[in-house]
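Asker: Dropping the structure in here first, questions after.
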Amino acid sequence: MIHKISIALASLLIAHCAFGQTSQEQDIKVISISDAPSGPVGDAIRQGHKILTETRVMLPNNVGNGLNCSSCHLNGGTKPHAAPWAGLWGVFPAYSARSAKVITLADRVNDCFERSMNGKPIPYDSTEMTSILTYMQFISTGVPTGSNAKGRGEGKIDQNLIPDALNGKTVYAEKCAACHGANGLGLKSEPNKYVFPPLWGDDSFNDGAGMARPYTAASFVIANMPLGLDNSLTQQEALDVSQYFTHQPRPVHPGKENDWPKGGRPKDAR
Ligand code: HEC
Ligand code: HEC
């Protein structure tokens, strides 16, 4: 099945970004998986797309929860402000304060396997890793080396706001529970497949994941949730609901106390 991927790349602008570099941000140019070439490279691109959007089914030994990579990296990693992969090809290797070392794009992929997917890293020399990287390079087409794609990362949340979990519980019931469930455990269509992914519980991301940090989660939520109603919540509502759902029971990431060994630990780290 061929999925249409629309990447709207905006025009050039100079902007300060959250990734420690000031760069010329570039819109992602419109590209579709059906534009992938025939032959071995195209096959790798298509395979990478399949792994990233059907991760749970494709790599059951590496995924320890009910999510796919694309549960958070929406539209196959092409949606601005949903931590898009488009444009990452030219900005890795990069320094990671969480690991206190320079990491490759493959390292970053495995970070999300271990945390967001509560699973195990995939071998660096596997065809799966090669396919994932080939797809990420393909959707990075047109973003110059060293430049961030416009909409890298998530939306913006004022870091001075104080979260209120009690109000968050109310926001959750009104704006999220219809899809993610009153109990936060999501909704399945088949034993292995969620229509609406869980926000907490055993099948959710672990407490070492970026999404477990209330301000990071709020930045994602404000720009993407409720699904189809981007930017409909106030920043305070997004932060309150994120404070609420991130602190519900979820898998534990062993060793998370060793993150940020050389400082820079964000205030919302768990
Ligand atoms: C539960 C949500 C979630 C899932 C599932 C998830 N990620 Fe992520 N990912 C994030 C968040 C949030 C960030 C940004 C973290 C931050 O801002 O510190 C991120 C960042 C990344 C980055 C770096 C982005 C950048 O701009 O530097 C890559 C690459 C990545 N994820 C790959 C993956 C892959 C591959 C998978 C599946 C194996 C995956 N992610 C699954 C939430 C998720
Ligand atoms: C109309 C249904 C719907 C509503 C309402 C909705 N979501 Fe979602 N949400 C989704 C779907 C579907 C996905 C996964 C998208 C995908 O796989 O392409 C998702 C993904 C997520 C994710 C990342 C994946 C995960 O399970 O951790 C978070 C976090 C999230 N939603 C939070 C919220 C919050 C908070 C609200 C309320 C403010 C909300 N959502 C309201 C449908 C919805």
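The values are calculated or read from the model by the stated rules, or taken from the named source; none is laboratory data. Everything numeric here is computed off the predicted structure, so don't read it as measured data. Every residue, glycine as well, gets a Cβ built from its backbone with ideal geometry; the counts of neighbours run over all protein chains shown. Accessible surface is based on the protein model in full, side chains and every heavy atom, while ligands, DNA and RNA are left aside. Shrake-Rupley method; radii C 1.70, N 1.55, O 1.52, S 1.80 Å.
Asker: Rounded to whole Å, give me the distance from the Cα center of the stretch 143-159 to that of the stretch 204-220.
Answerer: The distance from the Cα centre of the stretch 143-159 to that of the stretch 204-220 comes to 17 Å.
Asker: Here's something else I'd like to know. In the stretch 13-139, with Lys and Arg counted as +1 and Asp and Glu as -1 at Cβ, which of these residues, 34, 138, 80, has the Cα nearest the positive end of the dipole, that is, farthest along it?
Answerer: Farthest towards the positive pole: 80.
Asker: Only bridges whose two residues both fall in the chain count here: according to DSSP, what percent of them are antiparallel, nearest 5? Walk me through the numbers before you get to the answer.
Answerer: Details: 10 of 11 bridges.
DSSP beta bridges in the chain are roughly 90 percent antiparallel.
Asker: Then there is this: Name the residue from 127, 58, 261 whose Cα lies farthest towards the positive end of the charge dipole of the chain, charges +1 on Cβ of Lys and Arg and -1 on Cβ of Asp and Glu.
Answerer: 261
Asker: Starting with the highest mean, order 256-264, 192-200 by the number of other Cβ atoms within 10 Å, averaged over the residues of each peptide. Walk me through the intermediate numbers first.
Answerer: Numbers: 256-264: 12.6, 192-200: 18.6.
With the highest mean Cβ count within 10 Å placed first, the list reads 192-200, 256-264.
Asker: Compute, for the chain, the length of the dipole vector about the Cα centre, with Cβ point charges of +1 (Lys, Arg) and -1 (Asp, Glu) only. Units Debye, rounded to 20. Present the calculation step by step, with values, prior to reporting the outcome.
Answerer: Numbers: 25 positive and 24 negative charges, 40 e Å.
Once rounded to the nearest 20, the dipole reads 200 debye.
Asker: With all protein chains present, how much of the accessible area of the chain (probe radius 1.4 Å) comes from carbon and sulfur, to the nearest whole percent?
Answerer: Answer for the chain is 56 percent, counting heavy atoms of protein chains only.
Asker: Could I ask something else about it? Between residue 104 and residue 166, what FRET efficiency comes out of the Förster formula 1/(1 + (r/R0)^6) with R0 = 45 Å and r the beta carbon distance, rounded to 0.05?
Answerer: On the way: r = 42 Å, r/R0 = 0.94.
In this case the efficiency is close to 0.60.
Asker: Take the Cβ-Cβ distance between residue 174 and residue 247 as r, set R0 to 30 Å, and report the resulting FRET efficiency rounded to the nearest 0.05.
Answerer: Values: r = 19 Å, r/R0 = 0.62.
That gives a FRET efficiency of 0.95.
Asker: Separate question: Take the alpha carbon atoms of the stretch 99-123, find their center, do the same for the stretch 27-58, and report the distance between the two centers in whole angstrom.
Answerer: 20 Å
Asker: Ignoring ligands, DNA and RNA, what accessible area per residue does the stretch 13-139 give at 1.4 Å, in Å²? Display every interim value, and only then the final one.
Answerer: Working: 5580 Å² over 127 residues.
Per residue, the stretch 13-139 has 44 Å² of solvent-accessible surface.
Asker: Right, next: State log₁₀ I(q)/I(0) for the chain at q = 0.07 Å⁻¹ as given by the Debye formula over alpha-carbon point scatterers of equal weight, solvent excluded.
Answerer: For the chain, the Cα-only Debye profile gives -0.23.
Asker: Then there's this: With the cut-off at 1.5 for a/c, could you classify the stretch 13-139 from its C-alpha gyration tensor as rounded, prolate or oblate?
Answerer: The shape class here is oblate.
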